[in-house]
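Working notes, structure below.
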Amino acid sequence: MTEFLPVALQLLTDPGTLALACLATFLGIVLGALPGISSTMTLAVLLPFSFSMSPGVGMVFLIGAFYGSVYGGSVSAILLNIPGTPGSMVTQLDGYPLARRGEAGKALTYALLASTFGGIVGLTALVVFAPTLARAAFAFQSPEYAVLMIFGLSMLAYASPGSTFLGILAGVLGLLLGTVGLDMITNLSRFDFGVSHLQAGINLIPFAVGIFGFAEILRLLEQPIVVEKAATRIGSVWPKFTEVIRTWATAVRSAIAGVIVGIIPAAGSAIAVSMSYAQEKKLYEKTEKFGNGNPRGIVAAETGNNAAVGAALIPLLTLGIPGDTMTAVLVGALLIHGLQPGPKLFTDHPDFVAAIYLALALTILLTFLLALPLMRIFARLLSAPPRFLYVGVLVLCVTGSFAVQNALFDVLLMIFFGGAGYFMLKLGIPTSPIMFGLVLGPLLEENLRRTLIVYGDWAVFFQRPVTIGMLAVTAVVLMLPLVDIARHRFWPSPVARHD
Amino acid sequence: MKSILAGIAFFGLGFFALLGNGLAQDYPSRPITLVVPWPAGGGSDILMRLIAETARKELGQPVVVVNQPGSGGSLALREVADSEPDGYTMSMIATGFIAEQYGNPNAPTLDDYRVIALVGTDPAVIAAGGKTGISTLDELIAAAKAQPGALRNANDQPGGTSYVAASLMENVLGIDLTLVPYAGSAPVVQAIVVGEVQTATPSVTDLIAQHESGEVKILAVAGAERHFKAVDIPTFTELGYPLVTGTVRALVLPADTPDEVFDVLEAGIMKALNDETFRETAKASGFSINPLGGSEAEAFLEQMDESMYPVLQEAGLVKVRQK
């Protein structure tokens, strides 16, 4: 591979290509930051432009837009509580509260640092371990997917602030919402109440925009509008070095989680971020609060999200199986240039593979450099007078929900969930577990039922090493609180309990 | 002052442009919308964007792709069927549309449309996993007949392209497979490579890389002729089992579209589909382009409807209307 690096380097040092890479990254950040325009849509829209470019330049262009949009998604999540892309849904849980406290700049910097670190880890995984890790993806079949989702759901209770009971209640609501629409296995429509649009199921974006973004505007409108000087400051953009260093372990763990989920074909970034966030929340539940501006929450989500980018390219390049919908678009781009992604790409076009590696490295660097000045501009938006800001956010809520599928129904859905989210806020029911249920539930059901079709027996879950391992970990996670209770009861500690 | 005048002139022109819309002889006088009932970035979406780009040159107006996914495509297709038949809103239908007609109460039927053109058929294949040791279609038939239902087949949701292909193959080969639904082609490829299933029925492009590396063996292609990406693989017909099936894509307009508008659009689209550059780009991406104009395309789809109906009936997918 190394002998091809000079060729690839030559391509990337060409001023025209560099300018194009900058443009693509910039477009990616901006489009990604717009709610409703996901990374997949950004790529689909920019794809035709790459047809006329040479294969290498085309890939630099698309990878630039792809990676840029993954970071861009976190901007609107942090500033407006509206996820720009599904992968940034978890970023806002801690990012938005931090921005509300007047530390928007800091939140954006954490996101940028975390995503850059995640990007680098993902890239390293891609370059160093691609062939080995690709085989590991094959250990994942329907039973393993099903158990992975069970594991994710066991984390659900920890993923919510406050009462575990209310968290589980909200999670079950999410699971129920996930059953709406056409069932994958039988193609029957469930819980559509005769509304034809509900056959398509509840789309994640209008749901998240409503329950987080719109509900937040409703809550803000309760208070008389006064321009709070403190809350509209951008705040220092750079967090203290020691504060950043404090989150290193989180970053490493989340990057690993991101890489693992990224490699598993078709798992998707929403799962990667859900997993890494829930994992950190569980680990630090005794000492730190999440959901009210904890930088660790931002770091967990963004590192996981961006580590998944490089990792998702692994099954694509080595096996020809796209890791998520974004890389599925990249398959289209490769094919048009006569490059068939798959086992033979490495032997037939090693120079091209080297160019992809370098393009991703270049993009990570460009995103970092471009985001630094852009961040200040983005953050300044928050200091607009509330009467303009709220209206602007509402407009984004509506257009963002509409843009996902060009359907007015999704706007109504967003408003419905906005109202529901507002009442849940009032009642103290956490809203984030609903999202976890909605993401994980349909995948659990589909894979569980497929497992039973293929293997015909529940016993299969206890006969495969990976499923046994994951079930054991799940059991431990669920038992821990009980052990805690037992310990307090039988061996009361001299120290008062935290809660 | 100047700018105000310019503004008035601009709006005046816009007004007359709007008036012009009603006149069929000026068609097309504004951008045409191509509704793709699938998400952005999928195979059909990429192909439609290519067609839109080429058709723009032929029609002299932009063709704007709008993605309206949901409910197996039926939502958007119903909307297009009920839209103003002025030639400014067209849509795309694919194999799954045939099944939706009988299974989904909201879905439009073929009678609700005028077919502009058939774009082509991406043939389905039947492939066996490398670990099965099956390397010809006859070996597969023998293995399946030895233990009916023991071989599993990865495909998509009931009524989907791959599901229908698998069912048609079961009938023509006289075998019995256990059909396992997967969401999309990527999980199907993974399932057959690791051996969760022994057979799969996706399209040529989905599996050709794995076929070349020996991880799976494509046994036969359900095309009218051999596929340009897999010239060494025989067709079902060559092997004595006449079967042509796969992803059929066609462009449609509402049923009441007047002839003068329809003819202009049909001519423009057919020119675009026969454009050299377009065909080369589409071919490079693995799309089979075999254009058929309006009436021929309509006959083709009716024929397809005929052959799929018994399969759908057998699978219990004929629920809301009968043939």
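The values are calculated or read from the model by the stated rules, or taken from the named source; none is laboratory data. Just so it is clear, the model here is predicted, and its values are computed rather than measured. Backbone-built Cβ (ideal geometry, glycine too); neighbour counts: all protein chains shown.
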All positions within the range A:326-342 that are facing chain B (nearest Cβ under 7 Å) and part of a helix (DSSP H, G or I): A:328, A:329, A:332, A:335, A:336
Six or more apart or on different chains, Cβ atoms under 7 Å: show the pairs whose first residue is in the range B:255-268 and assigned by TED's automatic domain parsing to the domain that holds residue B:91 and whose second is crowded, with 16+ Cβ neighbours inside 10 Å and of a type in the set (Ser, Thr, Tyr). B:255/B:113; B:261/B:27; B:264/B:27
Positions within the range A:87-125 being under 22 Å from residue A:316 (Cβ atoms) and at pLDDT below 90, in sequence order: A:87, A:88
Matching residues in the range B:300-314 - criterion: being under 20 Å from residue B:244 (Cβ atoms) and more than 16 Å from the chain's Cα centre (by Cα): B:306, B:307, B:309, B:310, B:311, B:312, B:314
Subset of the range B:171-188 (residues that are in contact with a helix residue (DSSP H, G or I) (Cβ under 9 Å, 6 or more places away or on another chain) and over 30 Å from residue A:332 (Cα atoms)): B:171, B:173, B:174, B:175, B:176, B:177, B:178
Only residues that are of a type in the set (Asp, Glu) and out of contact with any Lys or Arg (no Cβ under 7 Å at 6 or more places or on another chain): list them for the range A:285-327, please. A:285, A:302, A:324
Taking into account only those residues within the range B:149-165 that are under 14 Å from residue B:184 (Cα atoms) and among the small types (Gly, Ala, Ser), which is nearest to the other protein chains (Cβ to nearest Cβ)? B:159
Complete set of residues in the range A:42-88 that are in a helix (DSSP H, G or I), more than 26 Å from residue A:120 (Cβ to Cβ) and either away from chain B (no Cβ under 14 Å) or free of Cβ contacts under 8 Å to residues at least 60 places away in the same chain (or both): A:45, A:48, A:49, A:80
(1) outside any helix (DSSP H, G or I); (2) under 18 Å from the mean Cα position of the chain (by Cα) all hold for residue A:289 apart from (2)
Give me the residue from the range B:191-225 that is without any contact (Cβ under 8 Å) to a residue 24 or more places away in the chain and either under 17 Å from residue B:163 (Cα atoms) or more than 7 Å from chain A (Cβ to nearest Cβ) (or both) and, out of that set, surrounded by the fewest Cβ atoms within 10 Å (Cβ to Cβ). B:225
Residue check for residue A:402: in contact with a His (Cβ under 6 Å, 6 or more places away or on another chain), within 13 Å of chain B (Cβ to nearest Cβ) and in contact (Cβ under 8 Å) with a residue 12 or more places away in the chain: no
Given the conditions (1) assigned to a helix (DSSP H, G or I); (2) surrounded by 20 or more Cβ atoms within 10 Å (Cβ to Cβ), which single one is not true for residue B:267? (2)
Mind checking which pairs have a first residue in the range A:296-318 that is over 22 Å from residue A:96 (Cα atoms) and a second that is polar (S, T, N, Q), Cβ under 7 Å, 6 or more apart or different chains? A:308/A:269; A:312/A:327; A:313/A:327; A:316/A:327
Residue A:386 versus (1) modelled with pLDDT under 85; (2) within 23 Å of the chain's Cα centre (by Cα): which is the lone unmet condition? (2)
Given the conditions (1) in contact with a strand residue (DSSP E or B) (Cβ under 9 Å, 6 or more places away or on another chain); (2) more than 14 Å from chain A (Cβ to nearest Cβ), and given that residue B:321 satisfies all but one, which numbered condition is not satisfied? (1)
If only one of B:40, B:52 is assigned to a loop (DSSP other than H, G, I, E, B) and either of a type in the set (A, V, I, L, M) or surrounded by 22 or more Cβ atoms within 10 Å (Cβ to Cβ) (or both), which one is it? B:40
